[in-house]
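Right, one structure below, let's go through it.
The values are calculated or read from the model by the stated rules, or taken from the named source; none is laboratory data. Just so it is clear, the model here is predicted, and its values are computed rather than measured. Note: ideal-geometry Cβ built from the backbone for every residue, glycine included; neighbour counts use all protein chains shown. The accessibility values were calculated without ligands, DNA or RNA, using every heavy atom of the protein model including side chains. Shrake-Rupley method; radii C 1.70, N 1.55, O 1.52, S 1.80 Å.
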Amino acid sequence: MPQITASDLKERIEKRLIIENGMEVANATNKDVYYALASIVNEEIIPNWFNTNQKYASKRSKQVYYLSMEFLIGRLLESNLLNYGMLHAAKEALEELGFHTENVFAEERDAALGNGGLGRLAACFLDSLASLYYPGHGFGIRYRYGLFEQRIIHGNQVELPDYWLKNPYPWETRNEEESVVIQFQGKVHMFKRNDGSLEFKYENTDKVMAVPYDIPVVGYKNNVVNTLRLWSAEPIPGTENERMEENQAFYHDLDHQHSIEQISGFLYPDDSSYEGKELRLKQQYFLVSSSIQNILKKFKKSYHLPLSKLPEKVVIQINDTHPSLAIPEMMRILMDDERMEWDAAWKVTTNVFAYTNHTTLSEALETWPEEMIKDLLPRIYMIIEEINERFCQSIWFDHEELRDEIPELAIISYGRVHMARLAIVSSFSVNGVARIHTEILKKKEMKDFYSLFPNKFNNKTNGITHRRWLLQVNPKLAEVVSDVIGSQWIKRPKQLISLLKYSNDKALLEQFDQVKHENKKLLANYIHQQTGILIDDQSIFDVQIKRLHEYKRQLLNIFHVIYLYNELKENPNQDMTPRTFIFGAKAAPSYYLAKEVIKLINTVASIVNYDTSIQGKLKVIFLENYNVSLAERIIPAADISEQISTASKEASGTGNMKMMMNGALTLGTLDGANIEIRDLVGDDNIFIFGLTADEVLEYYQNGGYNARDIYHTDDRVKRILDQLNQGAFGVHDIEFKDIFYNILYHNDPYFVLKDFEPYLETHELVERAYRDRLTWMNMSVTNIAYSGKFSSDQTIREYASDIWKIKQV
Ligand SMILES: *Cc1c(COP(=O)(O)O)cnc(C)c1O
């Protein structure tokens with residue numbers, strides 16, 4: 001990798017501005033400089049991209065393809081500079097040219113092609129694949145509108161469209177020559193060939209062109225550049241004109257064109273649960289059909305092997321069930337286009353696909369109406385039916401003990417197609433995303449499938465790329481760490497563990513403390529600039545940032561804030577370390593209760609933040625439009641990481657890992673990866689409270705919980721709920737009645753009241769611990785030291801060796 005100096009870069013930026021824009025630096029805007037720098041980065045990485053592809057082709061390496069409806073990549077300029085080894089020089093060059101680096105980077109719109117953890121995981125995985133020299137690529141959709149932009153107006157969430165492609169996106173390359181055709185609807189005709197085999201022909205299908213846009217995925221200082229290929233839906237050229245000649249109405253054509261473009265129009269903004277919309281089904285098939293066609297074409301072109309050898313060279317990971325139609329699509333192509341017999345095609349298919357489960361929430365387990373699939377994808381439906389038939393027969397004949405369970409196991413059951421069942425039956429690997437999650441899958445949610453296929457099930461705890469989430473977002477911390485233990489941890493994140501040796505070194509702990517404080521000051525400035533609210537940078541920054549969902553229990557958090565406020569009103573002089581509660585969260589637009597919680601947080605904030613009687617001891621900040629870039633600002637400044645989901649509900653969480661890596665202490669339940677964090681750092685370095693997953697599951701199964709008992713016996717709880725009911729927090733007296741009713745009349749389905757008291761008590765421990773700076777910093781450094789375990793590099797190594805069987809090239 002060539003060493004590029006700041007002065008080289010400076011010159012190149014100046015030159016670019018003249019050639020491309022005909023302007024001097026003095027007249028250039030941040031945006032001009034952003035584009036100039038991005039094109040220089042492209043110039044540097046494109047030869048590596050070409051070489052990487054050449055190398056994979058010449059070595060005939062086995063490749064992994066990561067299929068995902070979501071890639072939450074955020075901004076790329078800074079991370080590409082970092083990974084290419086030019087970040088330092090670029091920062092220097094920009095400052096010398098008179099620009100603020102941060103403002104130049106901020107010109108890039110976040111690529112928010114995902115909802116939350118699942119999409120961010122996909123982005124971290126691509127970074128680790130490239131950085132570890134693995135031949136692995138992503139396939140997704142190039143949505144013209146990403147996740148909605150959130151504004152808070154009078155406390156309410158308002159959604160605006162995220163037209164992120166308004167300005168040209170410098171990282172994508174359109175590769176029209178690799179377009180493929182996708183077919184929807186139509187009729188399927190069956191013929192017998194002379195040799196007796198069956199032939200399927202499709203008639204009157206709706207054809208759509210899938211055009212790939214490629215984004216380079218730059219490995220960390222290793223010259224590897226892999227590919228994220230995003231498909232865009234377009235009309236097939238020429239057909240619009242032909243239709244015109246056929247004298248069809250002009251407006252019909254416009255409508256038709258519009259309906260095609262809708263397929264890659266927008267990302268569905270539902271996190272964890274999905275509406276059964278036909279358009280979403282179309283999107284799913286669009287992604288998988290284009291990707292599978294592409295994968296097979298490439299295999300045939302570069303490997304010169306029979307298709308029966310496909311599993312030796314290709315493995316496809318499907319990120320949740322959303323891309324699971326890839327399975328019948330693979331069968332369709334192998335049989336209908338490649339003339340394989342069922343059994344041969346099935347053997348190939350079931351050795352190519354691996355499936356990652358992300359949830360046990362029943363509302364999020366994806367199913368589709370049988371009729372919808374039949375109508376939209378008639379040939380795919382026939383194949384699913386056949387897979388189902390063979391699977392049910394195998395249970396009937398080979399597993400008599402499960403005969404009664406067939407309706408609960410069948411892929412097609414009671415008029416619905418169950419995508420997780422399709423994925424489990426057809427994949428060679430099924431993995432959960434944290435130890436407890438995988439155990440719940442095996443013991444409860446997918447118990448019968450586990451008994452049928454015990455060897456398929458395995459755990460791969462999620463991870464995050466430490467390059468973005470430590471090195472990039474927290475350069476000061478990274479520098480102190482490298483000063484202490486050397487910089488090998490950047491390539492080998494587990495070496496962060498060497499920090500333990502210094503976790504009692506007073507001078508050093510003070511240095512870490514200072515870094516945290518500087519980061520807090522930066523965030524306080526940003527908050528002031530965004531909201532006009534001044535916060536105390538000596539206060540405890542208590543952070544909960546994640547999608548808004550009942551199971552994540554932002555409600556429990558705000559109840560605690562209301563409790564503190566009530567206490568302070570009664571006794572304004574009580575001795576208390578000042579706290580700043582920071583929230584960031586988007587709610588699915590149709591998720592009423594989640595939106596009520598956003599409104600409650602903002603309403604509480606509007607009272608607490610302006611009440612001078614509490615002497616600034618409490619501040620509540622809701623930062624609007626939570627996304628990757630906002631996470632990058634908040635995380636380095638967090639003291640407390642709130643991970644308070646109802647135990648058993650959060651599959652893994654990755655926000656917990658990001659904050660741990662930046663020295664925040666987790667205040668959480670024994671859920672998802674919190675458990676693995678606790679096991680590493682020990683009970684003394686984490687704040688754990690609340691029901692366990694077993695207790696929660698036991699309540700769900702056998703009852704025994706009564707929220708009203710708590711309401712009637714705990715005055716603190718009664719007071720808060722009555723405040724919601726009687727309008728103490730609203731302009732109108734009805735404002736938060738629905739939250740009140742949900743807790744008392746639906747018996748508090750996520751155990752907010754049950755965990756309230758232990759949560760309060762644990763917060764008191766937090767407050768006391770924070771007063772002892774050295775002990776606190778010792779805990780903080782201990783967390784950083786163990787966080788290397790959660791680098792996605794580790795996760796990817798495990799996927800590569802246990803599931804994918806791929807080698808570093
Ligand atoms: C990491 C991340 C998430 C996932 O957060 P959890 O706390 O694990 O739910 C969601 N959104 C963004 C923008 C993230 O960066």
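Just a yes or no: is a residue in the range 595-609 within 16 Å of the ligand (Cβ to nearest atom) and over 22 Å from Ile720 (Cα atoms)?
no
Looking at (1) within 14 Å of the ligand (Cβ to nearest atom); (2) open to solvent by 20 Å² or more (accessible area, probe 1.4 Å); (3) touching an Asp or Glu at 6+ places or on another chain (Cβ under 7 Å), find the lone condition where Gln726 falls short.
Only one criterion in (1) within 14 Å of the ligand (Cβ to nearest atom); (2) open to solvent by 20 Å² or more (accessible area, probe 1.4 Å); (3) touching an Asp or Glu at 6+ places or on another chain (Cβ under 7 Å) is unmet by Gln726, namely (1).
If I go through the range 181-206 residue by residue, how many of them are without any contact (Cβ under 8 Å) to a residue 12 or more places away in the chain and part of a strand (DSSP E or B)?
4
Could you give every pair whose Cβ atoms fall below 9 Å, whose first residue belongs to the range 598-616 and is among the polar types (S, T, N, Q), and whose second residue is assigned to a helix (DSSP H, G or I) and buried (at least 22 other Cβ atoms within 10 Å of the Cβ), counting only separations of at least 6 or pairs across chains?
none
Among the helices (runs of 4 or more DSSP H) contained in the range 258-333, which hold 1 or more residues that are modelled with pLDDT of 95 or more and farther than 29 Å from Arg60 by Cα?
278-303
Considering only strands (runs of 3 or more DSSP E) fully contained in the range 349-422, which possess at least 1 residues that are open to solvent by less than 10 Å² (accessible area, probe 1.4 Å) and basic (Lys, Arg)?
none
Residues that are under 30 Å from Asn319 (Cβ atoms) and part of a loop (DSSP other than H, G, I, E, B): does the range 738-749 have at least one?
Within the range 738-749, one or more residues are under 30 Å from Asn319 (Cβ atoms) and part of a loop (DSSP other than H, G, I, E, B).
Out of the helices (runs of 4 or more DSSP H) lying entirely within the range 81-179, which hold 1 or more residues that are of a type in the set (Val, Ile, Thr)?
101-105
Would you please list the contacts, defined by Cβ atoms under 6 Å and residues six or more apart or on different chains, that run from a residue in the range 96-116 that is farther than 15 Å from Tyr626 by Cβ and in the same structural domain as Asp32 (by TED's automatic domain parsing) to a residue that is modelled with pLDDT under 95 and more than 12 Å from the ligand (Cβ to nearest atom)?
The qualifying pairs are Leu97/Val25.
So, in the range 618-627, exactly how many residues are near the ligand (Cβ under 9 Å from one of its atoms) and either in contact with a helix residue (DSSP H, G or I) (Cβ under 7 Å, 6 or more places away or on another chain) or among the basic types (Lys, Arg) (or both)?
So the answer is 0.
Find the residue count for the range 652-676, including only residues that are outside any helix (DSSP H, G or I), out of contact with any Leu (no Cβ under 7 Å at 6 or more places or on another chain) and within 9 Å of the ligand (Cβ to nearest atom).
Looking only at that region, the number is 4.
Given the condition within 16 Å of the ligand (Cβ to nearest atom), out of contact with any Pro (no Cβ under 9 Å at 6 or more places or on another chain) and among the β-branched types (Val, Ile, Thr), answer yes or no: does some residue in the range 39-52 qualify?
no
For the subset of the range 734-748 comprising residues that are under 14 Å from Ile720 (Cα atoms) and of a type in the set (Phe, Trp, Tyr), which member is surrounded by the fewest Cβ atoms within 10 Å (Cβ to Cβ)?
Restricting to residues being under 14 Å from Ile720 (Cα atoms) and of a type in the set (Phe, Trp, Tyr), the top hit is Tyr741.
Quick test of your reading of the structure: Leu630 fulfils all but one of (1) in contact with a helix residue (DSSP H, G or I) (Cβ under 9 Å, 6 or more places away or on another chain); (2) within 15 Å of the ligand (Cβ to nearest atom). Name the failing condition by number.
(1)
Mind checking whether some residue in the range 107-122 is away from the ligand (no atom under 16 Å from the Cβ) and either buried (at least 19 other Cβ atoms within 10 Å of the Cβ) or more than 27 Å from Tyr213 (Cα to Cα) (or both)?
Scanning the range 107-122, I find no residue that is away from the ligand (no atom under 16 Å from the Cβ) and either buried (at least 19 other Cβ atoms within 10 Å of the Cβ) or more than 27 Å from Tyr213 (Cα to Cα) (or both), so the answer is no.
Scanning for something buried (at least 18 other Cβ atoms within 10 Å of the Cβ), among the hydroxyl-bearing types (Ser, Thr, Tyr), within 16 Å of the ligand (Cβ to nearest atom) and under 24 Å from Ile743 (Cβ atoms), does the range 553-571 turn up at least one residue?
Within the range 553-571, none of the residues are buried (at least 18 other Cβ atoms within 10 Å of the Cβ), among the hydroxyl-bearing types (Ser, Thr, Tyr), within 16 Å of the ligand (Cβ to nearest atom) and under 24 Å from Ile743 (Cβ atoms).
For the range 54-66, give me each residue that is open to solvent by 50 Å² or more (accessible area, probe 1.4 Å), out of contact with any helix residue (DSSP H, G or I) (no Cβ under 7 Å at 6 or more places or on another chain) and touching a residue at least 40 places away in the same chain (Cβ under 8 Å).
Residues satisfying the conditions are Lys55, Lys59.
Could you run through the range 677-697 and say how many residues are in a loop (DSSP other than H, G, I, E, B) and open to solvent by less than 20 Å² (accessible area, probe 1.4 Å)?
3
Within the range 183-232, which residues are hydrophobic (A, V, I, L, M, F, W, C), out of contact with any Lys or Arg (no Cβ under 7 Å at 6 or more places or on another chain) and crowded, with 19+ Cβ neighbours inside 10 Å?
Residues satisfying the conditions are Val208, Met209, Ala210, Ile215, Val217, Val218, Val224, Val225, Leu228.
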